[in-house]
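Heads up: the structure comes next, in structure tokens.
The values are calculated or read from the model by the stated rules, or taken from the named source; none is laboratory data. All of these numbers come straight from a predicted model, not from anything done at the bench. Reconstructed Cβ throughout: ideal geometry from the backbone, glycine too, with neighbour counts over all protein chains shown. Ligands, DNA and RNA are stripped out before the accessible areas are found, and what is left, the full protein with its side chains, is counted by its heavy atoms. Shrake-Rupley method; radii C 1.70, N 1.55, O 1.52, S 1.80 Å.
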Amino acid sequence: MHIHKLEKIWLTIGIVMLFVFLAVLGVSAFAMGVKPPSAHHHQIDPAKVTETEPFDKPGLHLIDDNKYEAVMTAFTFGYAPDKMEIPVGATINFIVTTQDVVHGFEIPGTNINMMLVPGEVSHVSHTFTKPGEYLILCNEYCGGAHEFMKTTIIVK
Ligand code: CUA
């Protein structure tokens, strides 16, 4: 069988690239320990959210200088805690889960947009550098009053 010279060159490049990609993947996975986030995810019994720490006491806690931890639960049709207030420049580490069905957790104007899945604890962190009223809203259809499901963070 005759293979054209250019075809041979491209075939060689293709095979070499394949081995380069496999080598990069192998080194990052086995030598550098790179894993998908699901390898160390945080789970909870969805039926016992309100009895499980820290979700038995949802709220905003000061953990360091201008750093907060917001322990939150979502339910049909709202979020706990209902309202939060922080100073400008503060960082919040959100720790959120749902007590019932799938809900959304979006803060328009930031890059926060999570899906809250029963049994899973979602984590995200954000620094609020501009004063104002930030809306947290549900963007996953969850029932009759889905469109009223929201809470606010006041930054001042
Ligand atoms: Cu919760 Cu839509």
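Could you state the angle between the C-alpha long axis of helix 5-26 and the longest principal axis of the C-alpha atoms of the chain, as a value from 0 to 90 degrees rounded to the nearest 10? The helix 5-26 is inclined about 40 degrees to the chain. Per residue, the solvent-accessible area of the range 42-155 (1.4 Å probe, heavy atoms of protein chains only, all protein chains present) comes to 51 Å². Taking the 1.4 Å solvent-accessible surface of the chain as the whole, the part contributed by carbon and sulfur is 62%. Only beta bridges with both residues in the range 42-155 are counted; by DSSP, about 70 percent of them are antiparallel.
Restricting attention to the chain, lysine pairs at least eight places apart or on different chains and with alpha-carbon atoms under 27 angstrom apart total 16.
Only Cα pairs under 8 Å and 6+ residues apart enter the sum, and on that basis the relative contact order of the range 42-155 stands at 27 percent. The residue list P131, A80, I44 was ranked by how far each Cα lies along the charge dipole of the range 42-155 toward its positive end, using unit charges on Cβ atoms, and P131 comes out on top. Mind telling me which of L62, L135, L25 comes out most flexible in a GNM of the chain, alpha-carbon contacts under 10 Å? Result: L25 has the largest fluctuation of those listed.
The distance from the alpha carbon centre of the range 25-87 to that of the range 117-156 is 13 Å, rounded to a whole number.
Put simply, the Cα atoms of the chain extend 73, 35, 31 Å along their principal axes, the longest span coming first. When the chain is treated as a GNM with alpha-carbon contacts under 10 Å, the residue of M72, M32, M114 showing the greatest mean-square fluctuation is M32. The charge dipole of the range 1-147, taken about the Cα centre with unit charges on the Cβ atoms of Lys, Arg (+1) and Asp, Glu (-1), comes to about 900 debye, rounded to the nearest 20. GNM remark for the chain: springs join alpha carbons under 10 Å apart, and the peak mean-square fluctuation among V24, V49, V117 falls on V24.
Given their separation in residues at 0.36 nm each and the Cα-Cα distance between them, S125 and T76 gain 15.3 nm when the chain is fully extended.
Couplings for the range 126-140, taken from phi via the Karplus curve 6.51 cos²θ - 1.76 cosθ + 1.60 with θ = phi - 60°, read 8, 9, 8, 8, 10, x, x, 9, 9, 8, 10, 10, 8, 10, 10 Hz in order; Gly and Pro are left as x.
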